[in-house]
Amino acid sequence: MNVHLSKLQPYPFQRLRELFSGIKPNQEYKAVNLSIGEPKHDTPALIKEALVNNLSGLASYPTTAGILELREAISNWANRRYDIHLNAETEVIPVNGSREALFAFTQAIIDGNKNKPIVISPNPFYQIYEGAAFLAGAEPYFLNTLPENQHVMDFDSVPTEILNRTQLVFICSPGNPSGKVMNLDQWKKVFELSDQYGFVIAADECYSEIYFEEANPPLGALQAAKKLGRDYSRLVVFSSLSKRSNVPGMRSGFVAGDAKIVEQFLLYRTYHGCAMSPAVQAASIAAWNDEMHVIENRRLYAEKFKLVTPMLKSVLDVEMPDAAFYLWARTNMPDTEAAIRLYRDFNVTVLPGSFLAREAHGMNPGMNFIRLALVASVEECFEAAERIKNL
């Protein structure tokens, strides 16, 4: 077996199940689950119709690169959203969700023949970053994202010796769990370090379309590069329909950016065996071509955040995020205790922040935080907030 498998740690939700083992929730309350970032809003009819109406495509093997019509739909969407130009032929690949692509990309990027490769990750983080690094033979280096640095990765704190070994940097903007969006100056710093040390930037933008002001969408990595007069060298973004269009079960997203890297990643993927189903490609085209359902999706999230955030602010240290659908709340008790008591006494499930992070630089930056995913209905989120206040 791959010796690096022994380095993998349990996923946060497995740890949550173990934490709750033997604990019975209070049945006087209806269960409300705010622990997992799984969208609960209805899947738009136009996407379901496109999926069903193209089942004849199942009779054919799909190509790894996907059909040109899908790549053009993705490119056109990105051009409208970010005011950039993406070449559908050379700079875009459809993928089976950003999770699959983030993992596979790391395997393609890391050169294990070089001395002790490093992958830099935010901390707290999406656990795929860590697992992908380990299984590629690299070592994760965590940058704690703390309230005192506005939940942003502090690259000034990274030793030169680490930067010299760094081959890949994961950046999640809007961030999970903080919802923090990188600004132009912060991107400029990362780009300059990439120029100096030669590492590749993997920009995870799966939450980019969940924001609260229609006139103020989050800045994207490719957009930042254009604003700074750069090309896409060593920059690749990962996006997904899961949150944007409420189709997590469809597993559809894209990778875009540096044409040379995209070309090599496509070569890797032809062996990886991850071509997208023709029916899913058709449904994805319908999703990327329509924005009205996304606007309605944002309206529902905005309604929940504007209702719930002030309620929780009266008892927790919590702020409205820049974007995404999480509240990252500091508690006045250990995060695991808060999770147990909410589950046991009020039948509300939240995720302890320490489960999303690792001990790094003398601390676990998720300690005494809880993550609340406001994915349930408005009524359920309101009810959960009332119970949290009661605790």
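The values are calculated or read from the model by the stated rules, or taken from the named source; none is laboratory data. Remember, predicted model here, so these are calculated numbers, not experimental data. Note that each Cβ is placed from the backbone with ideal geometry, even for glycine, and that neighbours are counted across all protein chains shown.
Test of understanding: among T90, T166, T160, T106, which residue is of a type in the set (S, T, Y), in contact with a Leu (Cβ under 8 Å, 6 or more places away or on another chain), over 24 Å from P352 (Cβ atoms) and in the same structural domain as V236 (by TED's automatic domain parsing)? Let's see the steps before the verdict.
Values: T90 fails: in contact with a Leu (Cβ under 8 Å, 6 or more places away or on another chain); T166 fails: in contact with a Leu (Cβ under 8 Å, 6 or more places away or on another chain); T160 fails: in contact with a Leu (Cβ under 8 Å, 6 or more places away or on another chain).
After ruling out the rest, the residue left standing is T106.
A quick yes/no check of all residues on (1) in contact with a helix residue (DSSP H, G or I) (Cβ under 6 Å, 6 or more places away or on another chain); (2) surrounded by 24 or more Cβ atoms within 10 Å (Cβ to Cβ); (3) without any contact (Cβ under 8 Å) to a residue 24 or more places away in the chain:
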{"site": "A203", "(1), (2), (3)": "yes, yes, no"}
{"site": "C206", "(1), (2), (3)": "yes, yes, no"}
{"site": "F212", "(1), (2), (3)": "yes, no, no"}
{"site": "K226", "(1), (2), (3)": "no, no, no"}
{"site": "S233", "(1), (2), (3)": "no, no, no"}
{"site": "F238", "(1), (2), (3)": "yes, yes, no"}
{"site": "S242", "(1), (2), (3)": "yes, no, no"}
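Just wondering, is there one or more residues in the stretch 296-316 that are under 21 Å from Y126 (Cα atoms) and not assigned by TED's automatic domain parsing to the domain that holds Q150?
Checked the stretch 296-316: no residue is under 21 Å from Y126 (Cα atoms) and not assigned by TED's automatic domain parsing to the domain that holds Q150.
Could you pull out the residue among A323, A275, A287, A302 that is modelled with pLDDT of 95 or more and touching a helix residue (DSSP H, G or I) at 6+ places or on another chain (Cβ under 7 Å)?
Just one listed residue meets the conditions, A287.
Let's see how each residue does on (1) assigned to a helix (DSSP H, G or I); (2) assigned by TED's automatic domain parsing to the domain that holds V95; (3) closer than 19 Å to N87 by Cβ; (4) at pLDDT 95 or above:
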{"site": "F191", "(1), (2), (3), (4)": "yes, yes, no, yes"}
{"site": "A202", "(1), (2), (3), (4)": "no, yes, no, yes"}
{"site": "E209", "(1), (2), (3), (4)": "no, yes, no, yes"}
{"site": "A215", "(1), (2), (3), (4)": "no, yes, no, yes"}
{"site": "L219", "(1), (2), (3), (4)": "no, yes, no, yes"}
{"site": "L222", "(1), (2), (3), (4)": "yes, yes, yes, yes"}
{"site": "G229", "(1), (2), (3), (4)": "no, yes, yes, yes"}
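Quick check: is even one residue across the stretch 371-379 among the basic types (K, R), in the same structural domain as N297 (by TED's automatic domain parsing) and in a helix (DSSP H, G or I)?
no
I want to confirm something. Restricting to the stretch 291-338 and keeping residues that are hydrophobic (A, V, I, L, M, F, W, C), within 15 Å of S377 (Cα to Cα) and over 20 Å from the mean Cα position of the chain (by Cα), which single residue is surrounded by the fewest Cβ atoms within 10 Å (Cβ to Cβ)?
Among those that are hydrophobic (A, V, I, L, M, F, W, C), within 15 Å of S377 (Cα to Cα) and over 20 Å from the mean Cα position of the chain (by Cα), it is L307.
Cβ-Cβ under 9 Å, sequence separation 6+ or interchain: first residue in the stretch 259-280 and of a type in the set (S, T, Y), partner at pLDDT below 95 and part of a helix (DSSP H, G or I). Which pairs?
Pairs that qualify, where the first residue is of a type in the set (S, T, Y) and the partner is at pLDDT below 95 and part of a helix (DSSP H, G or I), are S277/G57; S277/L58.
Going through the stretch 57-107 one residue at a time, which ones are surrounded by fewer than 17 Cβ atoms within 10 Å (Cβ to Cβ) and aliphatic (A, V, I, L, M)?
L58, A59, L68
Among the residues of the stretch 19-53, which ones are under 30 Å from D335 (Cα atoms), under 22 Å from the mean Cα position of the chain (by Cα) and not β-branched (V, I, T)?
Residues satisfying the conditions are N33, L34, S35, G37, E38, P39, K40, H41.
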